[in-house]
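In what follows, a single structure is set out as structure tokens and then discussed.
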Amino acid sequence: MLDIGFIRDNPDLIKEAARKKRVVVDVDKVLVLDEKRRGLIKETDEFRAQQNTASEKISHMAGEGREQAIAAMRELKEKISRKEEELKVVEEEYARLLFLIPNVPDLSVPEGNSDADNKEIRTQGALPQFMFEPKDHIALLRELNLADFERGAKVSGFRGYFLKGDAALLSMALWQFAFELLQKKRFTVHIAPALVRGTALVGTGWLPQGKDEVYKVENDMYLAGTAEVSMMGMYEDEIFDEKQLPITIAAFSPCFRSEAGSYGKDTKGLYRVHEFMKVEQVVLCRADHEESVRWHEELTKNAEEMLRQLNLPYQIVVNCGADLGLGQVKKYDIETWIPSQKKYGETHSSSYFHDFQTRRLNIRYRDAEGKLRFVHSLNNTMVATPRILISLLENYQQEDGSVVVPEALRKWVGKERIAKHEV
């Protein structure tokens with residue numbers, strides 16, 4: 001959420017942000033409602049002041065004059081009641097539209113209408129050269145008895161799956177490897193709840209815009225699509241001292257997404273599933289643009305370091321305006337090479353928000369001068385499973401049908417190679 005004062009002072013900038021992000025919102029109507037709201041608040045406050053003055057006078061009155069003053073007081077109360085009801089209606093519509101106002105994207109964010117318009121900024125790693133026709137991850141999983149999609153669908157429905165054997169070990173190894181790398185960088189490890197209240201989803205920008213992506217459990221309880229939601233919600237309404245910042249978090253959680261709007265896309269395999277596991281990086285830092293930019297690059301480098309140690313080829317793209325979320329100032333996607341498709345596929349994202357989320361969640365800090373300010377927030381995917389297994393299995397496959405375990409994961413998997421065996 002943006003500060004209404006900023007919106008008042010920069011309406012054209014906000015309209016341009018909405019255009020660039022392809023967000024439909026009536027900025028002028030927000031400003032009209034804001035003016036009406038402030039007028040109603042002023043009128044209501046004036047009536048209340050009159051009421052207080054009248055009450056004081058009545059307490060010292062007697063006789064017929066007192067009865068007349070009481071009658072006038074009743075009329076004043078009715079005026080206040082009408083104004084309060086009018087204000088309630090205006091504030092509800094004002095708040096609804098204010099939550100649709102997008103954050104202003106960084107000037108470096110490219111124009112574009114979809115993820116097809118994201119711009120590559122760098123690549124890393126040599127693409128594998130196979131002397132045989134490489135298999136896709138679905139064939140490898142089946143032949144090595146690492147997954148069961150049929151029984152997964154029986155239990156969980158469309159896009160359901162079971163990982164088993166060495167695929168399960170690989171997944172756990174990836175989580176442990178991610179935590180090991182981040183602990184060395186002084187990130188505090190958390191296991192975060194996936195079940196969250198609606199306020200955490202509204203605060204992080206998932207609601208109301210992304211309601212079709214979120215599973216609602218009951219009443220005001222939902223399943224989060226990332227640990228970012230619960231970790232940001234953890235600090236709602238809290239005030240830090242500047243010396244406590246930055247707060248650096250490595251959070252593991254199950255994640256759930258309905259994949260609304262993806263009908264017909266990636267219907268087989270592990271690329272687009274409803275339930276997955278993720279280690280997320282979350283940072284809260286001072287309200288300083290340059291510091292946000294530094295952390296954005298740092299979080300991205302952390303994820304890159306993991307991919308480099310896994311020796312997986314990848315590219316970084318900067319997301320265009322239309323591929324940014326409502327609150328994101330800038331976002332990178334990391335896309336890892338998928339040999340069977342001869343293309344890179346998204347495996348990570350890295351974003352910063354300035355105070356868009358923290359203003360909604362009321363997360364603040366007291367600076368050196370004692371002034372309360374909203375912190376800045378950032379997040380990044382360190383690793384998400386099972387999606388990363390697609391690239392890992394396909395890039396490390398061998399002609400005999402086995403898959404070499406990346407050296408960085410062997411101490412957790414307990415072997416150098418995954419080979420076909422009878423179960």
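The values are calculated or read from the model by the stated rules, or taken from the named source; none is laboratory data. Computed from a predicted structure; not experimentally measured. Reconstructed Cβ throughout: ideal geometry from the backbone, glycine too, with neighbour counts over all protein chains shown.
Filtered by the rule that a residue be basic (Lys, Arg) and modelled with pLDDT of 95 or more, the range 156-202 gives 164, 184, 185, 186, 197. When the range 380-405 is filtered for residues that are of a type in the set (Ser, Thr, Tyr) and in a strand (DSSP E or B), the ones remaining, listed by number, are 381, 385. Scan the range 153-168 and tell me whether some residue there is touching a Leu at 6+ places or on another chain (Cβ under 7 Å) and among the hydroxyl-bearing types (Ser, Thr, Tyr). Yes, there is a match, as at least one residue in the range 153-168 is touching a Leu at 6+ places or on another chain (Cβ under 7 Å) and among the hydroxyl-bearing types (Ser, Thr, Tyr). Taking each residue of the range 67-82 that is at pLDDT below 75 and looking for partners that are in a helix (DSSP H, G or I) and of a type in the set (Lys, Arg) with beta-carbon atoms closer than 7 Å, six or more apart or interchain, yields 69/57.
Among the residues of the range 210-227, some residue qualifies, meaning at least one is over 24 Å from residue 389 (Cβ atoms), out of contact with any strand residue (DSSP E or B) (no Cβ under 6 Å at 6 or more places or on another chain) and surrounded by 15 or more Cβ atoms within 10 Å (Cβ to Cβ). In the condition set (1) of a type outside the set (Gly, Ala, Ser); (2) buried (at least 17 other Cβ atoms within 10 Å of the Cβ); (3) modelled with pLDDT under 95, residue 268 is compliant with all but (2).
Within the set 377, 351, the sole residue that is assigned by TED's automatic domain parsing to the domain that holds residue 307, assigned to a strand (DSSP E or B) and under 14 Å from residue 288 (Cβ atoms) turns out to be 377.
Of the numbered criteria (1) more than 21 Å from residue 208 (Cβ to Cβ); (2) modelled with pLDDT under 95, the one residue 1 fails is (1).
Please verify whether residue 99 is surrounded by 13 or more Cβ atoms within 10 Å (Cβ to Cβ), more than 24 Å from residue 204 (Cα to Cα) and among the aromatic types (Phe, Trp, Tyr), treating the condition exactly as stated. The answer is no for residue 99.
Scanning the range 331-341 for residues that are farther than 15 Å from residue 271 by Cβ and either surrounded by fewer than 20 Cβ atoms within 10 Å (Cβ to Cβ) or hydroxyl-bearing (Ser, Thr, Tyr) (or both) yields one hit, 332.
Could we say that residue 346 is at pLDDT 95 or above and either part of a helix (DSSP H, G or I) or among the β-branched types (Val, Ile, Thr) (or both) here? Judged against the criteria, residue 346 is not a match. Look through the range 358-374, keep the residues that are in a strand (DSSP E or B) and in contact with a helix residue (DSSP H, G or I) (Cβ under 6 Å, 6 or more places away or on another chain), and return whichever of them is surrounded by the most Cβ atoms within 10 Å (Cβ to Cβ). Ranking the candidates gives 365 first.
With the structure loaded, tell me whether residue 289 is under 27 Å from residue 148 (Cβ atoms) and within 21 Å of the chain's Cα centre (by Cα) or whether it fails that test. The answer is no for residue 289. Within the range 154-163, being surrounded by 14 or more Cβ atoms within 10 Å (Cβ to Cβ) and either without any contact (Cβ under 8 Å) to a residue 40 or more places away in the chain or assigned to a loop (DSSP other than H, G, I, E, B) (or both) holds for 159, 160, 161, 162. Among the residues examined, residue 396 qualifies as among the aromatic types (Phe, Trp, Tyr) and within 23 Å of residue 278 (Cα to Cα). Evaluating residue 185 against the criteria (1) in contact with a helix residue (DSSP H, G or I) (Cβ under 7 Å, 6 or more places away or on another chain); (2) within 23 Å of residue 102 (Cα to Cα); (3) among the charged types (D, E, K, R) leaves one unmet condition, (2).
Of all the listed residues (203, 157), the sole one being of a type in the set (Gly, Ala, Ser) and in contact with a Lys or Arg (Cβ under 8 Å, 6 or more places away or on another chain) is 203.
Within the range 281-303, the residues that satisfy the criterion of being touching a strand residue (DSSP E or B) at 6+ places or on another chain (Cβ under 7 Å) and either in a helix (DSSP H, G or I) or over 30 Å from residue 372 (Cα atoms) (or both) are 291, 292, 295, 296, 299, 300, 302, 303.
For the range 115-131, the set of residues classified as more than 13 Å from residue 315 (Cβ to Cβ), touching a residue at least 24 places away in the same chain (Cβ under 8 Å) and either of a type in the set (Ser, Thr, Tyr) or exposed (fewer than 13 other Cβ atoms within 10 Å of the Cβ) (or both) consists of 131 only. Every test in (1) surrounded by fewer than 16 Cβ atoms within 10 Å (Cβ to Cβ); (2) outside any loop (DSSP other than H, G, I, E, B); (3) aliphatic (A, V, I, L, M); (4) within 36 Å of the chain's Cα centre (by Cα) is passed by residue 87 save one, and that test is (1). Restricting the range 20-59 to residues that are among the charged types (D, E, K, R) and without any contact (Cβ under 8 Å) to a residue 24 or more places away in the chain, which is farthest from residue 356 (Cα to Cα)? Looking at the filtered set, the residue picked out is 57. Among the residues of the range 20-41, those that are outside any helix (DSSP H, G or I) and surrounded by fewer than 16 Cβ atoms within 10 Å (Cβ to Cβ) comprise 22, 24, 26.
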